Amino acid sequence: MSSVAITPEREHYLNKEYGISSWLLTTDHKRIALLYLVSITFFFFIGGFFALLIRLELLTPAGDLVQADTYNKLFTMHGQTMIFFFLIPSIPAVLGNFLVPMMIGAKDLAFPRINLLSWYLYIIAGIIYLHCILTGGVDVGWTFYTPLSSGFSNTKVIEAGVAVFINGFSSILTGLNFVVTIHRMRAPGMTWSRLPLFIWSHYATSIIMLLGTPVLAITLLLVVFERAFGLGIFDPTRGGDPLLFQHLFWFYSHPAVYIMILPSMGVISEVVPCFSRKRIFGYHFVALASIAIAVIGFLVWAHHMFVAGMSLYAALIFSLLSYLVAVPSAIKVFNWTATMYKGSISFSTPMLYAFGFIGLFTMGGLTGLFLAALGIDVHVTDTYFVIAHFHYIMVGGAVMGYLAGMHFWWPKISGRIYPEGWGRLAALIVFIGFNLTFFPQFVLGYVGMPRRYWQYSQEFQVLNVLSTAGSTVLAVGYLLPMVYFLWSMRYGKLADDNPWNATGLEWRTASPPPTYNFDETPVVTWEAYDYENMPLPQEVTLER
Amino acid sequence: MSEHIIPTRTYYLIWISLMCLTVITAAVAFVDLGQFNTIVALSIATLKALLVVLFFMHLKYTNEKMSKVAVISALFWLVLLLALSLTDYGWRGAGAV
Ligand SMILES: [Cu+2]
């Protein structure tokens, strides 16, 4: 069907104004979300490029593609780009920005200009970081561990530190905006227990952003000061303590994992009820589990330091607390599964990603429990087991959730339907590619291959070849959605207001929405996820 | 939600006292007080933080419940950071994993 508009086009946030300045000076949360979408996609491909170079080097046991020094830079910049410039902002800054006001029936976020400011801070940080990459890069690991970072590395540590420092403020401002918006801007009738779980998880994420990020910022500033002016904070020869850096760094960086995974959990909590046509099982438990994760997530940081030389007493306490944080995550997994029980499930693309999320996140979480056990942790610390574990959480979990959300809300964002057949195919390719890449790494780590080396002994090669092969499959799986999303913006079928027959407020306005989201402020008189009273969506047709 | 108006003079006074306290911190650093080096420095820093929060951030004049929640949770998180770190620093000599 041709997409040429016959009737005069309705005004919405995309066609209201045209031109570069209408985007760069916008305060519309939906447009800022798209600015973020473009920028984080850019950094995703830079981080992905580093990842492919790493996997290529590890195709053979010898260090033949790059030298050790270059390899150190590759994994450092892969980690920093992906974590600080893609994963942390991914769902909150794109989908959160777009959806938080719409889901609670508001016209915009509480501070629209601060929202734009946070994007500019992100861009300034990104430019500094790009400059760092292009003028030699940084090699201290994404963790900036002292004394390497503060004294010994002769790469661009200060520049990278400043970039992450500035980027932190972007994240703080986003968190602040969400908290105030959720408290102050809810539509009449939108009580706390009627909030979509996506909102609850973004509320929890914002708490972490607000309370954790300043600690990271000040810690990196201290590293910069120690490096530049010889301050004795972490350097033992000046009376400092190198472990203090690790305590402060992980006080933010463990909760940061929840900044990445909680928003994904929010997406899954929207997708699963919609494609099971059932109310979510145990709404209050899922909502409060988000808050519990945000709080308990702050009590477990030193499980990254079990072999670093801290006290045995601390190790025991942190091991115990780390087991505790698994409980609310498990509650969520059980509740999503229970939601599907006896539901009328359809296997649309977002649901396929949601299945992927639940399975892979569970594997990542359970191997996290292995690592929380002191005895096993000593054995597998700094091996590929750890790499596999956190990629199951961050890629298998967070990125799967991000893709689920992008597909679920794409009709709302763009006003177009993406090609469903291609969507399902890509979801399958991502799932297969992901497991092929990272499952062998569990085995590699368990049999003793250390992380962060550019060469390895002969017996590890077969598994490494599998992993590299998987990474190319995964790359195809990630490129596909980008291609068909762009394609659908011009050629996709026009989406109606509520193509999935979902219950959220964001589906009760036009696709794409008008600039102020709703023509009239909605009044909410129903509970969230009222799928019992919703008609089934029209049969989704596979294109060709 | 009436906004309390604070005279500009108060702001200047607070700013001057913050500067004085900074000078005192620097001056004290040249005197060796033994164990009290850290205690004095941290006490002055706490006093400065208190001035900033009470006056510059208007906490003294607000009755908003949410502001109190924000302050209390920020302090609580600081206590978490310090208390759990002490499980390491307090028992460092007692052996590691
Ligand atoms: Cu952790």
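The values are calculated or read from the model by the stated rules, or taken from the named source; none is laboratory data. Treat the numbers as computed from the prediction; the structure is a model and nothing was measured. Using ideal geometry, Cβ is built from the backbone for each residue, glycine included, and neighbour counts are taken over all protein chains shown. All accessible areas refer to the heavy atoms of the entire protein, side chains included, with ligands and DNA or RNA removed. Shrake-Rupley method; radii C 1.70, N 1.55, O 1.52, S 1.80 Å.
Worth a mention:
- Backbone N under 15 Å from the residue A:482 label point (7 Å along Cα→Cβ), restricted to segment A:42-73: A:42-53
- For A:312-322, mean number of other protein chain Cβ atoms within 10 Å: 4
- Packing rank of A:170-177, A:507-514, B:43-50, where each peptide gets the mean count of other beta carbons within 10 Å, highest leading: A:170-177, A:507-514, B:43-50
- Other residues whose C-beta falls under 10 angstrom from the C-beta of residue A:146 contribute a net charge of -2, scoring Lys and Arg +1 and Asp and Glu -1.
- Spatial separation of Cα centroids for segment B:46-97 and segment A:134-166, in angstrom: 29
- For a paramagnetic label modelled on residue A:489 (point 7 Å from Cα along Cα→Cβ), amide N atoms under 19 Å away belong, within segment A:25-47, to A:25-46.
- Taken over the alpha carbons of segment B:1-61 as equal point scatterers, the Debye sum produces base-10 log I(q)/I(0) values at 0.13, 0.14 Å⁻¹ of -0.43, -0.48.
- Protection proxy ranking, highest mean first, for peptides A:366-378, A:419-431: A:419-431, A:366-378, where packing is the per-residue count of other beta-carbon atoms within 10 Å, averaged.
- Residue A:383 long-range amide H proximity, modeled H, under 5 Å: A:451
- A Förster distance of 30 Å, applied to the separation of the beta-carbon atoms of residue B:28 and residue A:228, puts the FRET efficiency at 0.75.
- Inter-chain Cβ neighbour count for B:79-88, averaged per residue, equals 6 (cutoff 10 Å, partner chain atoms only).
- Legend: helices of chain A (whole DSSP H runs) are marked when their alpha-carbon atoms reach 24 angstrom or more along the helix axis and their mean Kyte-Doolittle hydropathy is at least -1.0; marked are A:29-57, A:112-134, A:157-184, A:197-229, A:242-276, A:312-340, A:349-372, A:420-446, A:461-491.
- Excluding same-chain neighbours fewer than eight residues apart, the lysines reachable from residue A:332 by a Cα-Cα span under 23 Å are A:278, A:342.
- In percent, rounded to a whole number, the relative contact order of segment A:46-163 is 29, using alpha-carbon pairs under 8 Å and six or more apart.
- Ranked by how many other beta carbons lie within 10 Å on average, peptides A:392-399, A:107-114 from highest: A:392-399, A:107-114
- 19 Å cut-off, amide nitrogen to a point 7 angstrom out along residue B:71 Cα→Cβ, residues in segment B:7-36: B:7, B:10-11, B:14-15, B:18
- Nearest-0.05 FRET efficiency for residue A:453 and residue A:516, computed from C-beta distance (R0 60 Å): 0.65
- Remark: accessible area buried at the B-A interface is about 1900 Å², both chains counted, probe radius 1.4 Å.
- Cβ-Cβ FRET estimate between residue A:533 and residue A:27, R0 fixed at 30 Å, reported to 0.05: 0.25
- Cα gyration tensor, the protein assembly as shown - rounded (a/c under 1.5), prolate or oblate: oblate
- Each Cα pair under 8 Å and six or more residues apart adds its separation to the average, and for chain A the resulting relative contact order is 18 percent.
- Summed residue charge, Cβ within 12 Å of residue A:235's Cβ, Lys/Arg positive, Asp/Glu negative: 0
- Neighbouring partner chain Cβ atoms per residue of A:292-299, average, 10 Å criterion: 1
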